[in-house]
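Participant: So that we are looking at the same thing, I have put the structure below in C-alpha cells.
The values are calculated or read from the model by the stated rules, or taken from the named source; none is laboratory data. Keep in mind the model is a prediction, meaning the values are calculated, not measured. Positions of Cβ are backbone-derived with ideal geometry, glycine not excepted, and every protein chain shown enters the neighbour counts.
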Amino acid sequence: MRQHRCKFEISWASEWHLRIRIDTDNTRTQATFIREVFRVFKPTTLEGLINIIPGYQTVMLEIAPDGRNEADIESIVRRMLDDLNFEQTNVKTRLVEIPVCYDEALGPDLADVARLNQIDIPTVIRLHTSATYHVHFIGFAPGFGYLTGLPEALATPRLDTPRIRVPAGSVGIAGTQTGVYPTQSAGGWRLIGRTPRVMFDPARCHPLSSENPSTFLPGDRVRFVAIDRDEYERQTRGVVQA
Amino acid sequence: MTNAPMMRVIEPGMLTSVQDNGRPGFADIGAVAGGAADKLSYRVGNRLLGNESFAAALEMTLVGGTFEFTHDTAVVVTGGATTMTIEGDSTLEFAAWTPSTICAGEQLRVGPLQAGARAYLCVAGGIHVPDVMYSRSTHLTAGFGGYQGRSLRAGDELPIGSATKEHSRSNATKASQWLDDERIERIRSHCVSVLARRALRVVDGPHQASFKQAYLDAFWKRKFQISNQSNRAGLRLEPQPVDTSEEEDRDSLGRSASAGKMPSEGMMQGAVQVPEDGQPIVLMVDHPTTGGYPVIATVASVDHPVLGQLRPREQVSFERISRDEARQLYQDLQAEIERALSSV
C-alpha cells in the first residue's frame, strides 16, 4: 500500500540554509515531520549537514555544500524526504512527568487565569494536570519545549506588559500554548506554577553521558503532576545539593 | 599560591565575556551556536599569537578593560580600533593587531573603541575555562559556558594557557621574533578594510515574497541606523528617510510592511526579520533559534564579522547578491585571510 504523500516546499533561506516546510495544518503531522527529519537527516546520511533548526512546520538544514551545487543538494534532500515515515504505528515515545507546585506565590497569574476563563483555581490545576501534552519541538532558548495539547478552557492571552524577570522553572500559559521557562528570562506568559526540575543542564552533556542537557526532547509526551509547597521546597533543595 | 598562569580582571569594561568559535549543532535542543560576534578578528588574533585558531579569548564591547597577568605571557587585541597600554615599571603603548609581551604583575589597559563595537583580547595558549557542550563560549542569556556563565566582573581570575619560549620578552616589547611589522600591517589593513564595509551583502530571505512591493523598494534603497537597543542577539535597525516626500516615505514603512506574525520557525545568523512596525532586526550570534516574523533577506556569511562591529547610530544599507556569489565571496575571504596569515 502506498503511503500518504506529503507536500513539501523546499527553498534556500541563506547560502547555507535549506528550508523545508510541510504543507499541512495538522499539528500531529507537523510534529511527526519534525521528529522524522531528526531521525533521517544526520551528518552521516547527508554530507555537510551541520545543524537542524526546527520550527512548527519547518526545518532549516544548515549545510556546507562541499562543491555540490544547489540542485544536487535539493535532489538528495528530496530523495531523503521520501524516507520519512508518516505511518506512526509502533513508535515508542517517552512519557516525561514534570512536578509542578501550583501555588500563587510561585504562579502569580493563577487567579487571573481562573478568572479570565470563568473557572476556579482548583479547576485550572485539575485541567492542567489532566491533559497529556506533546513536545512539538525544542527552540527559542536552550531546553524550551513547544508543547501542544493545552485544554481549550485554559487558553489565556499573554500579559499586556511582559515581566522583566521570570524565574527558571516557571510554568506558564500564552494563548493556546503552555510551557516551562528553562532559564530565568523576561517573558509575557501567564505564570500558574513552578517546577523544581532543571529543564536544561549543560553539565549533562559529556562524552560518557547518555543524558541530554534538555529535559524535554521532540516527540516526548508530557504530564504535569501537582506537588505541594513542602515537596517543591524539598525537591528544590535536592537540586541545589546535586 | 598556585603556579597555573592566570589573568585577573581589574576593570571589566561594559560587557566582557569569554568567547570562542561557538557550539554549532545544538539547535535541536534550542541552543544557538553563539561564540565571538566577529569571528574574523577573533580567529586572526589567535593566529597572530600562534594559538590554535579556536582558543578562547575575551570579547570586549565598546569600551575596553584592564587586566593583570600572574606570569610573563603574550597578548594581542584585534577587532575595533582602540589603544593599548601596558603599565608596569614603565608605560608602553602598542597598536591593535600587534602582538606584545607582557610581564607578570603588569597591567594591560584596553581603551574605549574609536571604531567598531567589539575588541578581542587573545592570550598565549588561550583562556582555559572549562568546556561546556564542547565550547568555552559564554551563552549569556542562558547563563552557561565561559566564566561561570556570565560576563566578567572586577576581581575575576581566569586560568590561561602557558606562554612558550617564543613569547618571552627578551628586551623587545613587541613579539618581533615571529612577526615583522610589514606582515602584521598587511593582515591588519586587510581585516580593517573587510570590517569597514557598511553596504551589507544579502541574499533573498525565505519570506521575501510576503512583503509589499513598496516596502521592498524602500528596503533596497534606504539607509538604516543601528539602534542602541542592539546586543549579541540582534541588531535593531531604524529606517532613515529617503529623499522622497515624507508622506510617500511613511507609506512604504510601518504596519503595511508584511503579512505580520507567522508560526515560529528556525532562524539563522544574519536573518533580517521584519516585525509589524517595519523596523528590521538583524539576528546576531546569540539569536533565539526560532522567530515569528518574516525574513526579508539574510546577510551573507562573508559580512557576518561586520555585524559584530556595528556601533549604535552607524548607518548601513543592503546590497542584493546571489547565493552563488555569497558562497564564492565567503570562500574568497577565507582564502585571502589564510594567504595573509600563511606568512605568520
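To keep it simple, each residue is scored yes or no on (1) in contact with a Phe, Trp or Tyr (Cβ under 7 Å, 6 or more places away or on another chain); (2) within 11 Å of chain B (Cβ to nearest Cβ); (3) in contact (Cβ under 8 Å) with a residue 60 or more places away in the chain; (4) on the phi > 0 side of the Ramachandran plot.
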| site | (1), (2), (3), (4) |
| --- | --- |
| A:Gly188 | no, no, no, no |
| A:Ile192 | yes, no, yes, no |
| A:Thr195 | no, no, yes, no |
| A:Val198 | no, no, no, no |
| A:Cys205 | no, yes, no, no |
| A:Phe216 | no, yes, yes, no |
| A:Gly219 | no, no, yes, yes |
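Participant: Please go through the range A:30-59 and pick out each residue that is farther than 23 Å from A:Glu70 by Cα and within 10 Å of another protein chain (Cβ to nearest Cβ).
Facilitator: Residues satisfying the conditions are A:Gln30, A:Tyr56.
Participant: Can I ask one more? Can you find a residue that is within 30 Å of A:Arg194 (Cβ to Cβ) and in contact with a Ser or Thr (Cβ under 9 Å, 6 or more places away or on another chain) anywhere in the range A:69-85?
Facilitator: The answer is no; no qualifying residue exists.
Participant: Please report, ordered by residue number, the strands (runs of 3 or more DSSP E) entirely within the range A:109-190 with at least 2 residues that are under 19 Å from the mean Cα position of the chain (by Cα).
Facilitator: Because the criterion is at least 2 residues that are under 19 Å from the mean Cα position of the chain (by Cα), the strands (runs of 3 or more DSSP E) in the range A:109-190 that meet it are A:133-138, A:145-148, A:170-174, A:177-180, A:185-187.
Participant: Based on what the data block shows, is A:Glu87 within 19 Å of B:His207 (Cβ to Cβ), of a type outside the set (Lys, Arg) and either touching a strand residue (DSSP E or B) at 6+ places or on another chain (Cβ under 6 Å) or not assigned by TED's automatic domain parsing to the domain that holds A:Ala141 (or both)?
Facilitator: Criteria not met by A:Glu87.
To keep it simple, each residue is scored yes or no on (1) at pLDDT 95 or above; (2) part of a strand (DSSP E or B).
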{"site": "B:Arg47", "(1), (2)": "no, no"}
{"site": "B:Gly50", "(1), (2)": "no, no"}
{"site": "B:Glu59", "(1), (2)": "yes, yes"}
{"site": "B:Thr66", "(1), (2)": "yes, yes"}
{"site": "B:Thr78", "(1), (2)": "yes, yes"}
{"site": "B:Ile86", "(1), (2)": "no, yes"}
{"site": "B:Asp89", "(1), (2)": "no, no"}
{"site": "B:Trp97", "(1), (2)": "no, no"}
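Participant: Give the range A:120-171 a look and list any residue that's within 14 Å of chain B (Cβ to nearest Cβ) and closer than 21 Å to A:Arg28 by Cβ, or say none.
Facilitator: Correct list: A:Val135, A:His136, A:Phe137, A:Ile138, A:Gly139, A:Phe144, A:Gly145, A:Tyr146, A:Leu147, A:Thr148.
Participant: If you go through the range B:313-344 one residue at a time, how many are within 13 Å of another protein chain (Cβ to nearest Cβ), among the polar types (S, T, N, Q) and closer than 25 Å to B:Ile296 by Cβ?
Facilitator: 2
Participant: Still on this model: Restricting to the range A:178-191, count the residues that are β-branched (Val, Ile, Thr) and either within 20 Å of A:Arg221 (Cβ to Cβ) or not assigned by TED's automatic domain parsing to the domain that holds A:Ser214 (or both).
Facilitator: Qualifying residue count for the region: 2.
Participant: From the set of residues in the range B:1-50 that are of a type in the set (A, V, I, L, M, F, W, C), surrounded by 20 or more Cβ atoms within 10 Å (Cβ to Cβ) and over 27 Å from A:Ile138 (Cα atoms), which is nearest to the other protein chains (Cβ to nearest Cβ)?
Facilitator: Among residues in the range B:1-50 that are of a type in the set (A, V, I, L, M, F, W, C), surrounded by 20 or more Cβ atoms within 10 Å (Cβ to Cβ) and over 27 Å from A:Ile138 (Cα atoms), the one nearest to the other protein chains (Cβ to nearest Cβ) is B:Leu40.
Participant: For the range B:285-306, does any single residue satisfy the condition of being at pLDDT 95 or above, away from chain A (no Cβ under 14 Å) and buried (at least 18 other Cβ atoms within 10 Å of the Cβ)?
Facilitator: So far as the range B:285-306 goes, yes, one or more of its residues are at pLDDT 95 or above, away from chain A (no Cβ under 14 Å) and buried (at least 18 other Cβ atoms within 10 Å of the Cβ).
Participant: Please find, among A:Trp12, A:Trp16, the residue that is in contact (Cβ under 8 Å) with a residue 12 or more places away in the chain, touching a helix residue (DSSP H, G or I) at 6+ places or on another chain (Cβ under 7 Å) and crowded, with 22+ Cβ neighbours inside 10 Å.
Facilitator: A:Trp16 is the lone residue from the list that is in contact (Cβ under 8 Å) with a residue 12 or more places away in the chain, touching a helix residue (DSSP H, G or I) at 6+ places or on another chain (Cβ under 7 Å) and crowded, with 22+ Cβ neighbours inside 10 Å.
Participant: Just for the range A:211-234: of the residues that are within 14 Å of the chain's Cα centre (by Cα) and in a strand (DSSP E or B), which one is farthest from A:Arg94 (Cα to Cα)?
Facilitator: The extreme case among them is A:Ser214.
Participant: Among the residues of the range B:68-83, write down those that are within 16 Å of B:Tyr120 (Cα to Cα) and either polar (S, T, N, Q) or crowded, with 22+ Cβ neighbours inside 10 Å (or both).
Facilitator: B:Ala74, B:Val75, B:Val76, B:Val77, B:Thr78, B:Gly79, B:Gly80, B:Thr82, B:Thr83
Participant: With the checklist (1) crowded, with 21+ Cβ neighbours inside 10 Å; (2) of a type in the set (A, V, I, L, M); (3) within 14 Å of chain B (Cβ to nearest Cβ) in hand, flag the one item A:Ala64 doesn't pass.
Facilitator: Just one mismatch for A:Ala64, condition (1).
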